[in-house]
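This report concerns only the one structure given below.
Every number here is computed from the coordinates shown, using simple stated rules; none is lab data. Owing to the predicted nature of the structure, the values given are computational and were not obtained by experimental measurement. Backbone-built Cβ (ideal geometry, glycine too); neighbour counts: all protein chains shown.
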Amino acid sequence: MFNTINYRPRYYRKRDLKELPIITIIIVVINVFAFLFIEIKDSTENVLSMMKYGATFEPLIIYNKEYYRLVTSMFLHFGIDHITSNMVFLLMLGSKIENLVGRFKFLAVYMLSGIIANIVSVLYNYLRNYYVVGAGASGAVFGIMGMFLYFCIIVEGEREEFRKEYAIVIIIYSIYNGFASSNVNNVAHVVGLISGIIISVPLLYNKKFRRKF
């Protein structure tokens, strides 16, 4: 007679499913779906196609009042390298802090940072009479970098694995890489980063949140 053991691998346990960075995964899936959809229908490296599907373009936003582009452009990317770099950074950061800060707070920082970065970028280009077709999640991703930095600062004493030096290295590398590359919206990067830090202050700096650590 054989004895049986009801074994369930660790990654199937219900409590582990709650630890998944659900919001991060959903955002990545939406971005990948949008990328594949446009690639199948047209091309993500064609500026006219990207405009058609919701990229930012100053005259359309300011004169035609197509404000929805400030949001839709956050889920569009120019080519495979563009989407890969943004989604890798998002997965890396989201997997570390989404469940620690809370899904709603994580999503709030992501969306608000991305929108603010787009608004400032559009206005900056418009005031310079410089019109470009823009797309990408980098403003929002930099917002999450800002949240990650602020999170590291306020919990470093309680959580040794979250050191602010680690966050600073990631940020410096990302900003440097942006300025060293062509056709990169560095205004959106910087504004997204600053927005992420500022928005995180009222969301994270409170006794109830600190008590968790």
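Computed quantities for the displayed model
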{"quantity": "Length gained when the stretch Val47-Ser182 is fully extended (0.36 nm per residue, less Cα-Cα span)", "calculated": "47.0 nm"}
{"quantity": "Loop-located GluC sites (Glu not before Pro) in region 143-189, at most 13 other Cβ atoms within 10 Å (DSSP)", "calculated": "Glu158, Glu160, Glu161"}
{"quantity": "Length added when fully stretched, Ile30-Leu123, from 0.36 nm per residue minus Cα-Cα", "calculated": "30.8 nm"}
{"quantity": "Bins of 10 Å, starting at 0 and running to the largest distance - Cα pair percent for region 113-197", "calculated": "19, 44, 25, 9, 2"}
{"quantity": "Region 52-82 versus region 86-102: alpha-carbon centroid distance in Å", "calculated": "24"}
{"quantity": "Efficiency of FRET from Cβ geometry, Ile198 and Tyr173, R₀ 25 Å, rounded to 0.05", "calculated": "0.70"}
{"quantity": "Inter-label distance for Glu19 and Lys164, nm, one decimal - labels placed 7 Å from Cα along Cα-to-Cβ", "calculated": "2.8"}
{"quantity": "Nonlocal Lys pairs with alpha-carbon distance under 25 Å, the chain (8 or more apart, or different chains)", "calculated": "22"}
{"quantity": "Neighbour net charge for Ser73 - beta-carbon separation under 14 angstrom, K R +1, D E -1", "calculated": "0"}
{"quantity": "Debye-sum result for the chain in log10 I(q)/I(0), which assumes one identical scatterer on each alpha carbon, at q = 0.08, 0.09 Å⁻¹", "calculated": "-0.32, -0.39"}
